[in-house]
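The values are calculated or read from the model by the stated rules, or taken from the named source; none is laboratory data. Note that this is a predicted model, so its numbers are computed, not measured. Cβ sites come from the backbone with ideal geometry, for glycine too, and all protein chains shown count toward neighbours. Remember, those area values only see protein heavy atoms, side chains included, never the ligands or the DNA or RNA. Shrake-Rupley method; radii C 1.70, N 1.55, O 1.52, S 1.80 Å.
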Amino acid sequence: MTLFPTAPPAAEAVTLVEAKAHLRVDGNDEDALIAQLVMVAREHLERETARVLTSRPFRLCLDTWPADGVIRIGCGPVREVTGVTVYDDKGNATAVPLADHLLDGEARPARLWLRDPPVPARAMNGIEIDFVAGFGASGADVPDTLKRAMLLHVAAMFALRGAIPVEAQPAVMPPGYERLIAPYCRRGL
């Protein structure tokens with residue numbers, strides 16, 4: 001199973017204005033750095049929670065259909081399935097009709113069921129599922145708790161800006177961060 005975004009988010013969950021207000025930064029000298037830190041904080045939060053903050057397209061590639069017929073999608077919330085493609089042994093693509101599909105995009109993990117999908121003949125990644133995941137198009141749709149966690153993280157990274165380069169972030173997690181994101185994390189035993 002391979003899962004990857006096919007486009008970057010159109011907007012960050014926390015705007016530059018929100019981040020600068022939280023940091024109490026008035027000037028524009030560090031805008032580029034703050035924007036980078038916001039992106040790092042979002043990427044880290046999305047990895048920790050398996051939740052996509054602002055909507056963007058993804059692709060899930062599978063070798064075979066699951067035995068129970070239910071495809072589990074490791075990130076969410078999944079808003080819509082935009083296409084399913086199956087490849088034969090020569091690499092020819094066949095679009096799977098989505099008329100009868102069932103999607104539980106809010107489940108953890110999200111679940112998709114398709115009626116009578118064709119069997120892929122390609123040995124690896126013979127199935128491609130394109131979908132859109134995220135809380136919404138902008139930061140206004142993201143839960144405030146997750147935005148607060150991002151702002152705390154940005155502030156911690158900003159405080160270390162001279163000691164640790166952006167490429168080495170996240171180097172420190174602020175106190176309270178784990179408690180804020182805990183309700184959105186799936187923890188295993």
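The H on the amide N of residue 125, modeled in the peptide plane, is under 5 Å from the matching H of 63, each at least 5 residues off or on a different chain.
The range 32-64 and the range 114-149 have their alpha-carbon centroids 12 Å apart. Rolling a 1.4 Å probe over the protein heavy atoms gives the range 1-89 an accessible area of 49 Å² per residue. Within the range 89-183, report the GluC sites (Glu not before Pro) that DSSP leaves as loop and that have at most 13 other Cβ atoms within 10 Å. When the GluC sites (Glu not before Pro) of the range 89-183 are filtered for loop state and at most 13 Cβ neighbours within 10 Å, 106 remain. Over the chain, the Kirkwood radius and the radius of gyration, each from Cα atoms, give a ratio Rg/Rh of 1.06.
About its Cα centre, the chain has a charge dipole of approximately 420 debye under the convention of +1 per Lys or Arg Cβ and -1 per Asp or Glu Cβ, with nothing else charged. Could you tell me which of 162, 95, 140 has its Cα farthest along the dipole of the chain towards the positive end, charges placed at Cβ (Lys, Arg +1; Asp, Glu -1), taken about the Cα centre? The Cα lying farthest towards the positive end belongs to 162. Please identify every one of the trypsin sites (Lys or Arg not before Pro) in the range 1-55 that sits in a loop by DSSP and has no more than 11 other beta carbons within 10 Å of its own beta carbon. Those that pass, being in a loop and sparsely packed, are 24.
Atom-type composition of the exposed protein surface of the chain places 54 percent of the accessible area on carbon and sulfur (1.4 angstrom probe).
Think of each Lys and Arg Cβ as +1 and each Asp and Glu Cβ as -1; about the Cα centre, that makes the dipole of the range 71-129 roughly 160 debye.
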